[in-house]
Every structure is written in C-alpha cells, then in structure tokens.
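Have a look at the structure below, then the notes.
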Amino acid sequence: MKSLLKSSLLGCLLLTPGLLHANDFEAALTSETAQFTFRSDSSLIGWGGSELGFSLFYNEASDYLGQVSLLQRRQSSQQTPLTLGVGARLYLGQLDDVDSDIFAAGIGGEIRYTFPGVMPKSVYLRGHYAPKITSFADADEIQDFNLGFQIEVLPQTTAFVGVRHLEVDLDVNGNVDYEMDDDRVHIGIRMTF
C-alpha cells in the first residue's frame, strides 16, 4: 500500500506540468527539504480567477507530501499594496520514519505587502490548517505556515527566502507531533512562463 501511494503521488505530480501548461514554477530548498510547485489559473478546472497549485514536498527522512491548492486573491496595486487571499488545500502523503499515511483538507490564506519599484519586493505570510474533522488516515491535524520575503530579480523571475513550519499531528502510538519542516530557512526561485 505504501509503495502504491508513493508511486501514485509521484506519478500525478510529475505529469502535472504537461497537463497544465503551467504558467508558474517554483522551487524552495533547504539542506534537508525540497518543495516544487506548479501554478496556473483555475480556469483549467472550469472556475477562472483563482490560482490553482500542485506541489510536491519531500525531506531527508523520505517523507513525501503532495498538495493541491486553490487560492482566491485580491491583487495589489499602487493604491493598495496589501494583498489578501483565502483558499483551500488538500494534502496527500506518506511519512517514512513513523510509517504513516496522510490525507487532509484544510483552509487558509495569505497576506502580502508589496513595496513597488523597479525591482518590486514583498513580505508575506501564508498559512493553512486542517483540523481533526477533515484529517484522515493517520493524520489528526496539519499546521502549515510560511513567512517570507521576495524580490523580482528579472521581469519573470522572483527570488525568495523564508521560514516554513509544517507539522502533522498523528494518531499513531498515542498522539505524535511530527515536524516535516521544522522552521528551517529556505531559499528559492519562481519563474513565470
């Protein structure tokens, strides 16, 4: 079951770029974790105006976590540099060290402040929470928070640095708080096509 889940997750996420004709690719790395994300407009699923994202996160402990997210955002402008967004995220994964499977649905959002200029810069906070009622398999709860700073280094390329806290509460051997990403600083790039 574990290998089937991992193969299905990896297969779906690797096929995503060809199916989506993605207009945004992002890579975020630390010394022990990696996350790759493809984003496109949600019109691909018949509901335009939102951001549709597919991500694969994995770490040195051989934990894998796929994410599908939908985010509705109010865009910033010169008059309103503050951007707010709300959305939902699905999680599907397998944790190797604790031999657990994850399936959960969470809600969350984003707040971003953009400093306009020749090289626009932003600070942002993203967060998603999946409570016990929408967490299945071995997961009891997921907390996923990301604080970061980004700068547009080229017209279609953004560099960023941030800190992510990704914790899964598991219903195995009692109640275990398992940190998949424990507040390490990550660096990354985002390219728009």
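Roughly speaking, what is the stretch gain from I133 to D41, that is 0.36 nm per residue apart minus the C-alpha to C-alpha distance, in nm to one decimal?
My answer for the length gained is 30.2 nm.
Subtracting the Cα-Cα distance from 0.36 nm times the residue separation, let me have the gained length for N173 to A159 in nm, one decimal. List each step's numbers first, then the result.
Values: separation 14, 0.36 × 14 = 5.04 nm, distance 4.10 nm.
Separation in residues times 0.36 nm, less the Cα-Cα distance, equals 0.9 nm.
At R0 = 22 Å, how high is the FRET efficiency between N23 and F103 if r is their beta carbon distance? Nearest 0.05 is fine.
Efficiency computed from Cβ-Cβ geometry: 0.20.
Quote to one decimal, in nm, the extra length available between L84 and E60 on full extension: 0.36 nm per residue of separation minus the C-alpha distance between them.
5.3 nm
How far apart, in nm, are the 7 Å Cα→Cβ label points at I187 and E32?
1.9
Applying 1/(1 + (r/R0)^6) with R0 = 25 Å to the Cβ-Cβ distance of M119 and Q72, what FRET efficiency is obtained, to the nearest 0.05?
Taking R0 as 25 Å, the efficiency between M119 and Q72 is 0.40.
Values in this text are rule-based calculations from the coordinates and carry no lab data. Given the structure is predicted, the values throughout are model-derived calculations rather than measurements. Please note: Cβ atoms are built from the backbone with ideal geometry, for glycine as well, and neighbour counts cover all protein chains shown.
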